1. Once the piece of chain linking R54 and D75 is laid out straight, how much longer is it, given 0.36 nm per residue of separation minus the C-alpha distance between them?
2. Probe radius 1.4 Å, ligands and nucleic acids left out: which of S28, S85 has the largest accessible area, and how do the rest follow?
3. Taking the highest mean first, how do the peptides 39-45, 68-74, 49-55 order by number of other beta carbon atoms within 10 angstrom per residue?
4. Could you please report the charge total around A63, scoring K, R as +1 and D, E as -1 over all other residues with beta-carbon less than 12 angstrom from its beta-carbon?
5. With r defined as the distance between the Cβ atoms of A38 and D65 and R0 fixed at 30 Å, what FRET efficiency is calculated, to the nearest 0.05?
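The values are calculated or read from the model by the stated rules, or taken from the named source; none is laboratory data. Since this is a predicted model, take the numbers as computed values, not measurements. Note: ideal-geometry Cβ built from the backbone for every residue, glycine included; neighbour counts use all protein chains shown. Remember, those area values only see protein heavy atoms, side chains included, never the ligands or the DNA or RNA. Shrake-Rupley method; radii C 1.70, N 1.55, O 1.52, S 1.80 Å.
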Amino acid sequence: MRRSLGVVIALALGCGSRGGSEPFRVASISDVEKMLGAPGVTIVDANVRDLFERHHLPGARFAGDGPLREVLPEDRDARLVFYCSGPR
């Protein structure tokens, strides 16, 4: 997975009681691998559409250019992970 993704940064947002004292943290590739497919976790790909279509993580949602609320889950306690390959 690491070779095909080229993930540079992932930002995990822990909401609700699971969030701890810091609502945001940088997550390692290993952290994100453990969260893939876990209940209560939404993965959002913030890359351009072409990269999303070729290399997105399993189950990731495409952030796109529309309102972010269309991508976010209804569960306000969900853990959110945003990732991208970095500036080009």
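1. On the way: separation 21, 0.36 × 21 = 7.56 nm, distance 2.82 nm.
Between R54 and D75, full extension yields an extra 4.7 nm.
2. Order by accessible area, largest first: S28, S85.
3. With the highest mean Cβ count within 10 Å placed first, the list reads 39-45, 49-55, 68-74.
4. Once positives and negatives cancel, what remains is 0.
5. E between A38 and D65, to the nearest 0.05, is 0.60.
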